[in-house]
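Chemist: Structure in structure tokens, see below.
The values are calculated or read from the model by the stated rules, or taken from the named source; none is laboratory data. These numbers come from a predicted model, not from an experiment. Cβ: placed from backbone, ideal geometry, glycine included. Neighbour counts: every protein chain shown.
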Amino acid sequence: MLSTTHIGRLYLAGLVDRDTGRYDRAAIRAEIRKLTTRFWAPMTFPAALALVLNEARIEHASVSDAIEWRKRWAAREAIIDRDAGVLAATFGYEIDRLQFEIDRRNFGSFTTTLSGSPNEQARYRRALAIAKAKRDAAKIAAE
């Protein structure tokens, strides 16, 4: 059986900017320099370059996925906020009526239907929070 040379996987972090997804060239250069100049088992430049660029590519893929996920999540939250404001106004900002609807969807016949979906639950919970905030603002204004 032929033996293969295996370079252990390095777990490098910070090679890609978490907010923009751009490669951090200074961090990549520093990691290559660190691998080629370390005292114990220094690597050749081509091996270090290949290793660090592969790690940066892997990190870039995961960071890009996270950025896309955050964008989708923010869009979903904006839609839920908009719908919750309309829902709270529909119920006249009455906390008891909104709580009743939440309980009905959690424990009633709606729990197994599409109306009991997590998005619907989030809308009603956000509408309840809006109604409570409006009630608290009215109390503060009355004082």
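Chemist: Can you tell me which residue in segment 1-33 is modelled with the highest pLDDT, limited to those that are basic (Lys, Arg), within 32 Å of the chain's Cα centre (by Cα) and farther than 27 Å from Lys71 by Cβ?
Modeler: Looking at residues that are basic (Lys, Arg), within 32 Å of the chain's Cα centre (by Cα) and farther than 27 Å from Lys71 by Cβ, I get Arg29.
Chemist: For segment 54-64, indicate whether the set of residues that are in a helix (DSSP H, G or I) and under 30 Å from Arg123 (Cβ atoms) is non-empty. Let's see the steps before the verdict.
Modeler: Narrowing segment 54-64 to residues in a helix (DSSP H, G or I): 54-64.
Next, only the ones that are under 30 Å from Arg123 (Cβ atoms) stay: 64.
For segment 54-64, residues in a helix (DSSP H, G or I) and under 30 Å from Arg123 (Cβ atoms): present.
Chemist: Does Arg82 count as without any contact (Cβ under 8 Å) to a residue 60 or more places away in the chain, closer than 30 Å to Ala131 by Cα and among the charged types (D, E, K, R)?
Modeler: Details: without any contact (Cβ under 8 Å) to a residue 60 or more places away in the chain: yes; closer than 30 Å to Ala131 by Cα: yes; among the charged types (D, E, K, R): yes.
Here the answer is yes, as Arg82 does meet what is asked.
Chemist: Pick from Ile32, Ile58, Ile95: which is of a type in the set (A, V, I, L, M), closer than 30 Å to Ile130 by Cα and either in contact (Cβ under 8 Å) with a residue 12 or more places away in the chain or surrounded by 13 or more Cβ atoms within 10 Å (Cβ to Cβ) (or both)? Walk me through it before giving the result.
Modeler: Details: Ile32 fails: closer than 30 Å to Ile130 by Cα; Ile58 fails: closer than 30 Å to Ile130 by Cα.
Going through Ile32, Ile58, Ile95 in turn, just one is of a type in the set (A, V, I, L, M), closer than 30 Å to Ile130 by Cα and either in contact (Cβ under 8 Å) with a residue 12 or more places away in the chain or surrounded by 13 or more Cβ atoms within 10 Å (Cβ to Cβ) (or both): Ile95.
Chemist: Among the listed residues Arg97, Arg70, Arg104, which satisfies the condition of being modelled with pLDDT under 95 and closer than 25 Å to Ala13 by Cα? Explain how you work it out, then say what you get.
Modeler: Numbers: Arg97 fails: closer than 25 Å to Ala13 by Cα; Arg104 fails: closer than 25 Å to Ala13 by Cα.
Answer to the selection: Arg70.
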